[in-house]
Amino acid sequence: DGIQILKYYLDISKPEQARRLADRDEDPLKQWKKSPIDAVALEKWRDYTAARDDMLGRTNFMHAPWFTVRTDDKREARLNTFQHIIKSIDCPETNKSLAVPDENIVSQVTRKTIAALNR
């Protein structure tokens with residue numbers, strides 16, 4: 001059918017999430033991002049992590065794999081996600097040699113990588 005499904009889970013570390021949430025309190029230009037759910041996010045980190053792992057494990061398929069993107073560095077995450085998409089799609093007009101994502105930033109989900117997310 002010519003359809004390719006690429007699913008990306010944007011993963012952030014707990015310390016980086018805490019830093020970003022604190023920035024929202026301190027920086028007037030980021031205060032519009034504040035949400036009541038922010039206060040709960042860090043408290044429920046373990047619950048959210050377990051739900052994420054369950055979701056990734058149950059919905060990762062050969063025909064529609066998940067890829068995790070480490071997003072502590074937003075610029076690197078975006079750049080590597082774009083490179084991964086370019087590398088992955090079937091488009092003969094693209095120069096695939098220019099699209100080399102860092103495997104430490106974008107990686108295909110496996111049981112092993114799900115366990116590694118929890119470190």
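The values are calculated or read from the model by the stated rules, or taken from the named source; none is laboratory data. Note that this is a predicted model, so its numbers are computed, not measured. Don't worry about glycine lacking a Cβ; one is built from the backbone with ideal geometry, like all the others, and counts go over all protein chains shown.
Name the residue, out of Ala64, Ala50, that is under 17 Å from the mean Cα position of the chain (by Cα) and either modelled with pLDDT of 95 or more or farther than 30 Å from Asp1 by Cβ (or both). Let's see the steps before the verdict.
Numbers: Ala64 fails: either modelled with pLDDT of 95 or more or farther than 30 Å from Asp1 by Cβ (or both).
Sole residue among the options that is under 17 Å from the mean Cα position of the chain (by Cα) and either modelled with pLDDT of 95 or more or farther than 30 Å from Asp1 by Cβ (or both): Ala50.
Go through the residues of the range 4-15 one by one and say whether even a single one is in a helix (DSSP H, G or I) and farther than 23 Å from Arg111 by Cα. Can you show your working first?
Taking the range 4-15 first, the residues in a helix (DSSP H, G or I) are 14-15.
So of that shortlist, the ones also farther than 23 Å from Arg111 by Cα come out as 15.
Yes, there is a match, as at least one residue in the range 4-15 is in a helix (DSSP H, G or I) and farther than 23 Å from Arg111 by Cα.
Return the residues of the range 51-73 that are loosely packed, with under 12 Cβ neighbours inside 10 Å and not basic (Lys, Arg); say none if nothing qualifies. Give the steps one after another, and end with the answer.
So the first thing to find is which residues in the range 51-73 are loosely packed, with under 12 Cβ neighbours inside 10 Å, and the list is 51, 54, 58, 61-63.
Once the filter is applied, which keeps residues that are loosely packed, with under 12 Cβ neighbours inside 10 Å and not basic (Lys, Arg), the range 51-73 yields Ala51, Asp54, Phe61, Met62, His63.
Being on the phi < 0 side of the Ramachandran plot and under 12 Å from the mean Cα position of the chain (by Cα) is the requirement here; does Asn80 meet it? Yes. The set of residues in the range 89-119 that are closer than 20 Å to Asn60 by Cα and assigned to a helix (DSSP H, G or I) comprises Arg111, Lys112, Thr113, Ile114, Ala115, Ala116, Leu117. Residues in the range 23-49 that are among the small types (Gly, Ala, Ser), loosely packed, with under 12 Cβ neighbours inside 10 Å and within 24 Å of Leu117 (Cα to Cα): Ala39 only.
Quick grid of which residues meet (1) in a helix (DSSP H, G or I); (2) in contact (Cβ under 8 Å) with a residue 24 or more places away in the chain:
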{"residue": "Arg19", "(1), (2)": "yes, no"}
{"residue": "Arg24", "(1), (2)": "yes, no"}
{"residue": "Pro28", "(1), (2)": "no, no"}
{"residue": "Asp38", "(1), (2)": "yes, no"}
{"residue": "Tyr48", "(1), (2)": "yes, no"}
{"residue": "Met55", "(1), (2)": "yes, no"}
{"residue": "Val69", "(1), (2)": "no, yes"}
{"residue": "Glu76", "(1), (2)": "yes, yes"}
{"residue": "Asn80", "(1), (2)": "yes, yes"}
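In this structure, is Leu42 over 20 Å from Val106 (Cβ atoms) and touching an Asp or Glu at 6+ places or on another chain (Cβ under 8 Å)? No.
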